[in-house]
Structures are given as C-alpha cells and as structure tokens.
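The values are calculated or read from the model by the stated rules, or taken from the named source; none is laboratory data. The model shown is predicted, which means the values in this text are computed figures rather than measured ones. Because the Cβ atoms are built from the backbone with ideal geometry, glycine has one as well, and the counts that use them run over all protein chains shown.
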Amino acid sequence: MSKIVYFDNNATTRVAPEVREAMLPYFGEKYGNPSSMHAFGGEIAKDLNRAREEVARFLNAEPDEVIFTSCATESDNAAIRGTADYFGKDLKVVTTAVEHPAVLQPCRRLKALGHEVVELPVDSVGQIDLTQLEAELSKPPTLVSIMWANNETGVLFPIEKVAEICKRHGAILHTDAVQVAGKIPVDVKKVPVDMLSMSGHKFHAPKGVGIFYVRRGTKLKPFMLGGHQERTRRAGTENVPYIVGLAKACELARLGMADEAKKLTVLRDRLEQGILATCPNVRVNGDRAHRLPNTLNVSFEYIEGEAIAYHLSDLGICISTGSACASGSLDPSHVIRAMGVPFTAVHGSVRFSLSRYNTMEEVDYVLEKLPPVIRNLRDLSPFGPDKDVSTFK
Ligand code: PLP
C-alpha cells in the first residue's frame, strides 16, 4: 500500500527518529546490566538514572518515585493489585464504567475475590458526577482508580478536583494517564495523585516500556517479585534501551507539547467541522469542552463503524472503531454504551486520533474520501432515518 494516513495514534504512535537514535547504542556497545558490580555495568546504571531523572522532570516528580515497567497494563495492575495486596479484604475500590480493560479487569477480579468495588456511571457526554464519587469515600481504606483521559472519546476527567476530593477523604488515588502523555501537561505536584500509569508507545517511544509513578509513602506491595531492581518495587532486569527511548520521548514531549497541542487542535477541529458539514446524521461523542486536543469520536448513524474503518483502510486511512476489538468481539464499546448513545448511533462510532506527524493535507484527504464511503454504506444499509429501524439493535 502506498499512501498511509495514520489517524490511530491513541492505539499506538510511530517511534520518533530522535528516540530511535537515542536507543541505538544500547543495542550495540552499551549492553551492560545496570545491576552489575563492574564499571561497565555502572555506566549503564548512570544512564538509567539519567533516564529516570528525565521522566521525573516530565511528571514534575522525584526520580525515586518513577518505576519502569513493561507497559501501562502492568502499571495499572501493579497499582490496583498491589494496593489490594497491602490492605487485604478491607480495601474498597472505586473506579468508572469507562476505564480501559487494564483497569476494569483487575478491579473486577478484586470484586470476584470479595472486595467492594464500585464502577461510577458517566453521563451523556462521558463525565462522572463528583458528588457521587464523594459519596463512595466514607469507608477507608479506599482506592480510587480514575483515568485522566478516555482513550476512545478523549474526554478529560476533572482529575484535579478528583485528587482534591480523594485527599479530603484520605482515599488513595491512582490515575491511568496513558492518553494524556505528551498531549497535556502532567504535574504530580499540582495534581497530587498517589499513583499514575503511562505507556511509552502512546507518545512516540517503542512498545514494551511503561511508567509507574508512585508517590513517596504510598502503601503498596510489589506486583513483580524477584530481584532488587527498581528498589525492589518491580523485579526484573530493566529494559535499558527502551527506557532510554522513553526518556527521550518524555523530553521531546516536554519541550514540544504546547505547540503540538495547538497544531493538533486546529487539525482535529478542521476534521470535525468538515465531517459535520459533509455527512448528515452524525454525532460527536464525548464532552467537546473537555477533550484531548488530538481525539475525535463520531457516530455515523445507521451504519457500522467496522464497515467504515474497513473501507477507509482500503484507501490507506487508519482509524479505530468504538467496538471492543481488543476482545475480539463486535459488541459495541462499553464506553459508548455507558454514555447512553442512542442505539442508532452506537454501532457507527469511530475514532480519529492524530499525532505530531499528521498534516492538514492528510485531514483534507480524509475529508475527500470519507463522505462517499458514508453515502455508499448508507445506500446499502437497510436502516436509516426514512427506513424501518425496528430491528436495529
Ligand atoms: N490505558 C489506556 C487508557 C489505554 O488507552 C491503553 C492502551 O490503549 C492502556 C491503558 C494499555 O496500554 P498498554 O497496552 O500499552 O499496556
């Protein structure tokens, strides 16, 4: 396939050339183990420390609060299962209905093991009710795990207010910050979360490396047991090349984020306006006033998101559907359903997610190719505003 327009950056991003460059020596001459006694390994330990300092700068954290993991799924599991391990059955867990499975599944496992677990609902724009959150915090110890931004809709939760409420009630707060990484500033001194997860490949580092931020003094049992790496908080030899790449991605994000967010907002808004102007029976899903700059989730009513993605893929355009594809099912997305999106629109939801490497030409290409795809699918669909929808479920 020749032309690729990649608008699926919430799924994964391309590795930045600067990141690749920074990693290369660690696949060659810099192969030492940072835990070794000899000076050759000691040099690598120094590089690892420098990487940790850079990641800490990115989060405005202390270097010893940064633990390197294999991915955000590991970080999410380490936060939730590690807290439950510390407190045992006494721990109550409060999360939301729209979390990523990397949070929802460990929470549901805890529920199956007898913990009290509450999944807060969201309203029609995907926002939680803070009074409802507060009402769940009367019985310590409570772990609150609430994402910073939603991967499907880009909706930003009011994490600063969530943190303030958690502090007031002595609840422990973990946030899945995977989708905000490199898109909006994250400052753990300003937003006092206790734990935070990120994944390198969502912001131009490679797949297979993650961040687990743990505030000093947080009560937690380690999830991975073994050697003394990461101050015995995450056993396993550190993935030095990828960690160095991750640190480079953090530096690039820290330096370029403000300009990038402006550019992404312009591209995303042009895409949104173009779609709304050319395609009838379309709705934007999620809180447009509180949204990541790069994400657009829209439902094309009466047709299937999978069919749209499939036809666009033939044209070299990469997007995601709202379906739970990761689970291999064609069930509508739990996020879209939790928002109470009307049944005529639930199946037709698709996500466009942009990155620093996208251009206005690419947006215009999508705006040229998309409307005929939608028209054709609507012509073929047995359902529509003027058609019988009684069997559309
Ligand atoms: N959390 C969110 C919000 C995500 O979007 C993702 C990935 O899509 C994850 C967690 C899991 O990330 P990884 O697959 O890199 O572990």
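Scanning segment 344-393 for residues that are modelled with pLDDT under 95 and loosely packed, with under 13 Cβ neighbours inside 10 Å returns ASP379, LEU380, PRO382, PRO385, ASP386, LYS387, ASP388, SER390, THR391, LYS393.
Looking across segment 20-43, just one residue is farther than 27 Å from GLY227 by Cβ and either acidic (Asp, Glu) or within 16 Å of the ligand (Cβ to nearest atom) (or both), and that is GLU21. Is there a residue in segment 86-98 that is within 16 Å of the ligand (Cβ to nearest atom) and out of contact with any Asp or Glu (no Cβ under 6 Å at 6 or more places or on another chain)? Among the residues of segment 86-98, at least one is within 16 Å of the ligand (Cβ to nearest atom) and out of contact with any Asp or Glu (no Cβ under 6 Å at 6 or more places or on another chain), which makes the answer yes.
Residues in segment 254-283 that are assigned to a loop (DSSP other than H, G, I, E, B) and surrounded by fewer than 15 Cβ atoms within 10 Å (Cβ to Cβ): PRO280 only. Scanning segment 29-69 for residues that are closer than 16 Å to LEU246 by Cα, small (Gly, Ala, Ser) and free of Cβ contacts under 8 Å to residues at least 40 places away in the same chain gives ALA45, ALA56. The listed residues are ALA177, ALA235, and the only one of them that is within 14 Å of the ligand (Cβ to nearest atom) and under 23 Å from GLY82 (Cβ atoms) turns out to be ALA177. Those helices (runs of 4 or more DSSP H) of segment 37-126 in which 1 or more residues are at pLDDT 95 or above and closer than 20 Å to SER333 by Cα occupy 72-87, 101-112. Scanning segment 284-301 for residues that are touching a Leu at 6+ places or on another chain (Cβ under 9 Å) and either in a helix (DSSP H, G or I) or surrounded by fewer than 21 Cβ atoms within 10 Å (Cβ to Cβ) (or both) returns VAL284, ASP287, HIS290, PRO293. In segment 1-19, the residue that is farthest from the ligand (Cβ to nearest atom) out of those that are in a helix (DSSP H, G or I) and surrounded by 13 or more Cβ atoms within 10 Å (Cβ to Cβ) is GLU18.
Of the helices (runs of 4 or more DSSP H) entirely within segment 128-247, those holding at least 3 residues that are on the phi > 0 side of the Ramachandran plot occupy 229-232. For ASP194, the conditions (1) surrounded by fewer than 23 Cβ atoms within 10 Å (Cβ to Cβ); (2) away from the ligand (no atom under 16 Å from the Cβ) all hold with the exception of (1). Taking the listed residues VAL244, VAL209, the one that is under 19 Å from the mean Cα position of the chain (by Cα), in the same structural domain as GLY182 (by TED's automatic domain parsing) and of a type outside the set (Ser, Thr, Tyr) is VAL209, with no other qualifying.
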